[in-house]
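Report on the following structure.
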Amino acid sequence: MVRNGDIDTAILALPYAIDGLMSFEFWQEDFYWVSHKDQCPSQLREITSEQLKTEKLMLLKDGHCLKDHALAACKLQTAQQESGFDSASLHTLIQMVAGKLGTTLVPQMALDQLINSESELRAVHLNEPGPHRK
């Protein structure tokens with residue numbers, strides 16, 4: 001829409017095709033793995049992508065940039081994420097985690113809003129080279 005002149009500016013989470021556009025980075029963030037507290041050791045402070053149980057990992061629907069960013073941060077392919085559950089909403093994913101249906105990855109900027117009122121959830125930093133999103 002910027003290229004067509006429909007809008008003047010856009011805020012995008014990279015990577016995104018921005019060839020020919022003027023851009024600058026103003027935000028960086030990491031992902032956090034969110035699990036039900038009953039399914040997460042209390043002493044766990046960080047987790048690597050190798051430690052993730054991908055069969056329990058629930059992400060947003062295919063085509064959502066946040067899903068692509070999470071998979072890239074974990075160095076996973078779509079086929080490796082096999083939970084069979086996905087959603088169009090982070091709020092829905094959090095409710096599914098609260099119901100012990102699996103785990104998910106949440107960007108740092110959404111973490112407080114999503115899990116503050118959910119005392120049964122734990123957030124653990126994804127220990128992969130970052131930032132995970134720009």
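The values are calculated or read from the model by the stated rules, or taken from the named source; none is laboratory data. Owing to the predicted nature of the structure, the values given are computational and were not obtained by experimental measurement. Positions of Cβ are generated from backbone atoms using ideal geometry, with glycine treated the same way; all protein chains shown enter the neighbour counts. To get the accessible areas, we keep the full protein, side chains included, count just its heavy atoms, and leave off ligands, DNA and RNA. Shrake-Rupley method; radii C 1.70, N 1.55, O 1.52, S 1.80 Å.
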Computed over the Cα atoms, what is the radius of gyration of the chain divided by 2.2 N^0.38 Å, N being its residue count?
-> 1.12
State the percentage of accessible surface on segment 1-73 attributable to carbon and sulfur atoms; use a 1.4 Å probe and exclude ligands, DNA and RNA.
-> 53 percent
Restricting to the chain, what percent of DSSP beta bridges are antiparallel, rounded to 5?
-> 65 percent
Heavy-atom accessible area per residue - segment 1-53, 1.4 Å, Å² = 79 Å²
Ellipticity estimate at 222 nm from DSSP helix runs (n ≥ 4, -39,500 (n - 2.57)) divided over the chain, nearest 500 = -5500 deg cm²/dmol
Which peptide among 120-130, 15-25 comes first, and what is the full order, when sorted by highest mean count of other Cβ atoms within 10 Å?
-> 120-130, 15-25
Quick calc: nm separation of the 7 Å Cα→Cβ label points for Ala17 and Gln95 -> 3.5 nm
Pro15: net charge of surrounding residues, Cβ under 10 Å, Lys/Arg +1, Asp/Glu -1, itself excluded?
-> +1
Listed peptides 6-14, 105-113 by packing density, highest first (mean Cβ within 10 Å) | 105-113, 6-14
Dipole magnitude (debye, nearest 20) for the chain, charges at Cβ of Lys, Arg, Asp, Glu = 260 debye
Could you grab the relative contact order for the chain? Cα pairs under 8 Å, six or more apart, rounded to a whole percent.
-> 43 percent
